[in-house]
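These notes are about the structure you will find just below.
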Amino acid sequence: MKHTQIKSRRDFIKNTAAGTAALTLGFASLQSLAGNGNKQNKPMSGDFNTGFDQQPLPYKYDALEDVIDAMTMEIHYTKHAAAYAKNLKDAAKAEGIDITKPVESVLAEISRYSAKVRNNAGGHYNHEMFWQSMRPKSAKNAPTGKLLAEIESSFTSFASFKEKFSDTAKNRFGSGWAWLYVDANKGLKIGSTPNQDNPLMNISDIKGNPLLGLDVWEHAYYLKYQNKRPDYINNWWDVVNWDYVQQRFEKI
Ligand code: MN
């Protein structure tokens, strides 16, 4: 092979590598722009591609009795959660949001939008996740495998994890959510957000990928528990769908 041919092949490889690097850089810059240039806000892994439409409830309204009564479940799903989905779509239309994108991508740059988008995108996402994260009551309901090991190493034991999470939910002043989430350093954390905020929002004090969320708005428990939020929280552990939590954990 002549020297010039070798050189030209080398140049081709070099240029291709440079081209790939430039494309990679371009993509990274785009990602950074999507997160408003703030490193903390960059989209995280574990995107669950939540759509804008409310999905069917994965069980009957009375399936979680006697932890959550049928009437609460029906009103919560068909009125409260349905309204978040509808209002989100209305607001998305008004603010030019592409509703074929996952809701997660809207949450990651929520500071760009109105309070209506913030409240309803959060409300819709949080409830879609909430329904999936519950199942009919079963004895000895607990995580297993790698998720259990991670909970134990992060919070000493499953019992102390439940205690800490429950305290966080009980102490949420007013309306909001308690979360188990994975932060940017891949650590398991417990935290709380007000209203319909969640850890995926770039304006949230706690940031990460939620694995499990508990709705502590009064509409979630008042018909059965009235002012006794701690009783609702303590009973709720019996209906947590740990298989679903595990799936989210493995995807992150
Ligand atoms: Mn709710």
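For first residues located in the range 62-85 and within 12 Å of VAL239 (Cβ to Cβ) and modelled with pLDDT of 95 or more, partners that are within 12 Å of the ligand (Cβ to nearest atom) and outside any helix (DSSP H, G or I) and lie 6+ apart or on another chain with Cβ distances below 8 Å form the pairs ILE68/TYR221. Put simply, of SER153, SER166 the only residue that is out of contact with any strand residue (DSSP E or B) (no Cβ under 6 Å at 6 or more places or on another chain), more than 16 Å from the ligand (Cβ to nearest atom), open to solvent by less than 60 Å² (accessible area, probe 1.4 Å) and of a type in the set (Gly, Ala, Ser) is SER166.
What are the residues in the range 230-239 that are surrounded by fewer than 19 Cβ atoms within 10 Å (Cβ to Cβ) and in contact (Cβ under 8 Å) with a residue 24 or more places away in the chain, if any? Passing the criteria: PRO230, ASN234, ASN235, TRP237, ASP238.
Test ALA85 against the stated conditions and say whether it is open to solvent by less than 30 Å² (accessible area, probe 1.4 Å) and of a type in the set (Gly, Ala, Ser). In short, yes. Taking first residues from the range 87-109 that are farther than 22 Å from ASN209 by Cβ and in the same structural domain as ASP197 (by TED's automatic domain parsing) and partners that are aliphatic (A, V, I, L, M) and open to solvent by 70 Å² or more (accessible area, probe 1.4 Å), the Cβ contacts under 6 Å between residues at least 6 apart in sequence or on separate chains come to ALA92/ILE99. The condition (being in a loop (DSSP other than H, G, I, E, B), assigned by TED's automatic domain parsing to the domain that holds ASN241 and over 19 Å from the mean Cα position of the chain (by Cα)) is satisfied by just one residue among LYS60, LYS79: LYS60. Taken together, the residues in the range 201-236 that are touching a strand residue (DSSP E or B) at 6+ places or on another chain (Cβ under 9 Å) and away from the ligand (no atom under 16 Å from the Cβ) amount to 8. Looking only at residues of the range 110-144 that are more than 16 Å from the ligand (Cβ to nearest atom) and in a helix (DSSP H, G or I), we find that the one that is farthest from ALA63 (Cα to Cα) is ARG112. Can you confirm whether LYS207 is modelled with pLDDT of 95 or more, surrounded by 15 or more Cβ atoms within 10 Å (Cβ to Cβ) and within 18 Å of the chain's Cα centre (by Cα)? Judged against the criteria, LYS207 is a match.
The values are calculated or read from the model by the stated rules, or taken from the named source; none is laboratory data. Please read all numbers here as calculations on a predicted model, not as lab measurements. A quick note on method: Cβ atoms are made from the backbone with ideal geometry, for glycine too, and the neighbour counts reach across all protein chains shown. Note: areas computed on protein heavy atoms with side chains; ligands, DNA, RNA excluded. Shrake-Rupley method; radii C 1.70, N 1.55, O 1.52, S 1.80 Å.
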